[in-house]
Every structure is written in C-alpha cells, then in structure tokens.
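Here the structure comes first, spelled out in structure tokens, and everything after it is commentary.
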Amino acid sequence: MTEYYHLSDIDYRNILCFVEHIGNHTELFHEQIQVSLSKIWGYHHTVFWVTDDAGNLSCPHLHRIQDKVIYDYMANYEELDFLHPKKHLNKLPEQKVFFIDDTFSFNLFEKNKYFSGFIKKHQYSDEMVVNFTYQKKLIGTLGLLRPKGELSFDLRDVKRFEVLSTFISQKIFSRMVLENIEYEKRLLEAYADKSHLGLIILNQAFRVLYHNSSAKEITADILSNENEKTIDFFVKKYLLNQETANLGFIKTLFSPSYQRYQIHLVPDLNPKSKFLKEPVFLVHLKPENSGILLKPTVDYDFPNLTSREMEICHLVGKGYTNSEIAEQLFISINTVKRHIQNIYKKLDVKNRTGLLNRLDRF
C-alpha cells in the first residue's frame, strides 16, 4: 500500500537530521530516540518496549505518557490491542509498521472495547505501532498515541517509519550487544575478583584485555624490585617472548620476597563469551605456598648480593641447574652464568660446590 506514497524532500531532510541526532550511543538510548521523534515530527506520546521473538512486551520507556496509562494497558487491555506485535508475527519482518486503517475500518475500531475502555478513557484518539527486527528477529516495539483532537496517523507517518525502522533496528541491536558485553563483563569481574587466583586475558597481540584485582597484586609482588610494576610490563617481561605461547605453558616464578607463583598460560582459541570477540590467551597466576615466604636467611648475611643474585642463590640451594634457573626466572642461561660468576667473586668461592657449602652454613 505504502509504495504508492512518496515522502517529500523535507521529510528526507528531517530523516537525515534524526539519524544525526541518534548517531551516538548513550545510556538513555531509548529516550534519545523518543525525544528526537518528538522534536522533529511531533510524535510526542510514545512508549518504547523491549520485545522478544514471541512478541512479549517488557521494560516500557515512556515519553509524555503517564505511568498509570501503561499500568492500565498491561493489566487490562494488552490482549485486546489489535496492533500488539503478537498478533502480527506472521507478517514480520516484511511489514513493520501497523496502524488502525491498515487493520480494519476506523468506525469499527471506535466501537471496540479497546477503544472505549482504553484509548478514549485516557484522552487519546489513535495509535500506531512500529516493530523493529534484526536478522528476522523481533527486538523492539514503538507504540505511538495521538491525543484527542489531533489528526489520525496516515500513510505519510507509515512511510516515515518504514524508512526509519531499518536504521533504528540497527541502533537497537548495537545497543543490545553493548549491554550484553557489559553484563558479561560485570559477571566476569564479580566472579574473578572474589578469587585469590590472578586472571589476565590477552589478545593475540598480547595486549591486556582484562585483569582481576588478584592479578594486579601478584604482578606487583613479582615486580617489586622493578621501576615499573604494571601488568603490561609483567606481560612484556615474562610472557611476550615465550616461544611456546601458542601451545600454552606452566612456569614458576619467585618474587623478590621469595613468594612462589605458578604461571599458567592457556590459549583459548574458541571463546564462547560475547565479551571475548577474538581468540585470546588466559593467564592464571597461582600462589603456590599460601603466602609462606621462602626467603632464605642468607639474605641477611650477604648484604653485598643483589636481589637477583639472592634469587639465584636460593634456587642453587634448592638444587636447580643453570638451565632450570634460567627457565624459572625467564632469563637466558648466559645471564644465569654471569650472575653466578659474580656471586662466586662476592662470596669468595671458586665453584658451585663451594657456593653450596657456603649456603649450607646458614
């Protein structure tokens, strides 16, 4: 029917103005749409519903409609509404805009209980409904009411919303995606921040997407002797250049206080969460000794040793080989050998056996 009606140039300019007004997402997204419709075209009385696939209405956003009107509608008249989306599901998404003259004659409408009991009772004279769909699924419904004394909705109104509906549908869907992401993120944060285990989520470029509070505390402990103590620096120093990253790995790190942590990097290549839109790496940080420090007493007897040299002394005393020390501290084996030679000089020992004997005295 509406293909025979063409909008004017003014209408199309107003449509472009409307698109510009609601171009940015805001917390008051539905209100932004309703206010723009009111300012540009004078659709002052609207209700924006969240709608599911079955046509159920919920969460009404009202513009210049009193709460008592919607309470009355939901309690007594919703099932009588000829334009309710449930009654037109078979026509969606091909037809999105419905008004009274498109359903049956206005004279019959005025004799109906819905008109006399609800429309007329609340000083309205006409209604129109716009359903918004995305990928053939119903995602929202806009109800428009005309106050008594104003002109009824006509083909011009229908044509406007036929043009606007696709754009509004895309905006509603984008908003729904953002809200789902925020919801899942809040769930993740609520769960992860209750755990003593650290969690870091990295993208494929090893950029930090998320970390919980435990991860921040653990990495700060591991980096306590570094000038920079951020999680980004921790990733760069201990994770970024790992050749086995794509397969995952488990490592053990000692903080300068000799707290031992297990670092478990897991490639999660098929994330199911909408919050995770790309393959990611999950990094789990686990304290292995429940907060009991392993710091040896030699720290107090060899004050001329650096913190790194003390770490190496501790691992030598535990029986670690040079390659195992390099693996645990994420440094090269040549760096380990250089530190050990410096330790020999400072402690005046000639070899590893002499170092072990020196350590065993304490």
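Coordinate-derived values only; no laboratory data. Remember, it's a predicted structure, so these values are computed and weren't measured experimentally. Neighbour counts run over all protein chains shown; Cβ positions are idealised from the backbone, glycine included.
Loop only per DSSP, at most 11 neighbouring Cβ atoms within 10 Å: give me the GluC sites (Glu not before Pro) in segment 70-120, ordered by residue number. It would help to have the intermediate numbers written out before the result.
Values: sites: GLU78, GLU79, GLU94, GLU110; in loops: GLU94.
Filter output for segment 70-120: GLU94.
I need the GluC sites (Glu not before Pro) found in segment 208-240, filtered to DSSP loop residues with at most 15 other beta carbons within 10 Å of theirs. Present the calculation step by step, with values, prior to reporting the outcome.
Numbers: sites: GLU217, GLU226, GLU228; in loops: GLU226, GLU228.
Filter output for segment 208-240: GLU226, GLU228.
Please rank LYS148, LYS39, fewest neighbouring Cβ atoms within 10 Å first, as an exposure proxy.
Numbers: LYS148 11, LYS39 14.
In order of increasing Cβ crowding within 10 Å: LYS148, LYS39.
Within segment 198-222, which residues have the backbone N less than 19 Å from the label spot 7 Å out from THR230 along Cα→beta-carbon, could you tell me?
199-222
Using modelled backbone amide H atoms (1.01 Å from N, in-plane), which distant-in-sequence or interchain residues come within less than 5 Å of LEU197's amide H?
none
Counting just the Cα atoms, what span does segment 296-362 cover along each of its three principal axes? Round to the nearest Å and put the largest first.
Principal extents (Cα only, largest first): 27, 22, 20 Å.
Based on the Cα coordinates of segment 2-184, what is the per residue volume of their convex hull in Å³?
Details: hull volume 22.5 nm³, N = 183.
Residue-normalised Cα hull volume stands at 123 Å³.
If contacts are Cα pairs under 8 angstrom and at least 6 residues apart, what is the relative contact order of segment 58-208 in percent? The partial results should precede the final answer.
Values: 124 pairs, mean separation 27.2, N = 151.
Relative contact order comes out at 18 percent.
Once a ≥ b ≥ c are taken as the square roots of the eigenvalues of the Cα gyration tensor of segment 3-108, is the result rounded (a/c under 1.5), prolate (a/b larger than b/c) or oblate (a/b not larger than b/c)?
Working: a/c = 1.70, a/b = 1.20, b/c = 1.41.
Because a/c hits 1.5 or more and a/b fails to exceed b/c, segment 3-108 counts as oblate.
When Lys and Arg each count +1 and Asp and Glu each count -1, what net charge do the other residues less than 12 Å away from TYR134, Cβ to Cβ, add up to?
On the way: positive: LYS96, LYS136, LYS137, LYS171, ARG175; negative: ASP53.
The answer is +4.
What size of dipole, in debye to the nearest 20, comes out for segment 2-184 about its Cα centre when the only charges are +1 on Lys and Arg C-beta atoms and -1 on Asp and Glu C-beta atoms? The partial results should precede the final answer.
Values: 21 positive and 26 negative charges, 70 e Å.
Computed about the Cα centre, the dipole is about 340 debye.
Could you list, in their original order, any pairs among LYS96/LYS137; LYS39/LYS120; LYS68/LYS148; LYS236/LYS337; LYS86/LYS137 whose Cα atoms are separated by more than 21 Å? Display every interim value, and only then the final one.
Working: LYS96/LYS137 12 Å; LYS39/LYS120 25 Å; LYS68/LYS148 18 Å; LYS236/LYS337 23 Å; LYS86/LYS137 13 Å.
Violating the 21 Å limit, Cα to Cα: LYS39/LYS120; LYS236/LYS337.
Can you give the net charge of the other residues whose Cβ lies under 13 Å from the Cβ of PHE48, counting K and R as +1 and D and E as -1? Please report the intermediate quantities before stating the final value.
On the way: positive: ARG64, LYS171, ARG175; negative: GLU31.
Summing Lys/Arg as +1 and Asp/Glu as -1 gives +2.
Based only on other Cβ atoms within 10 Å, what is the fewest-to-most ordering of PHE132, PHE104, PHE98, PHE330? Write out the running numbers ahead of the final one.
Details: PHE132 28, PHE104 11, PHE98 23, PHE330 14.
Going from sparsest to densest Cβ surroundings: PHE104, PHE330, PHE98, PHE132.
When ASP9, ASP102, ASP53 are ordered from fewest to most other Cβ atoms inside 10 Å of their Cβ, what list results?
Details: ASP9 7, ASP102 17, ASP53 12.
Fewest to most other Cβ atoms nearby, the residues stand as ASP9, ASP53, ASP102.
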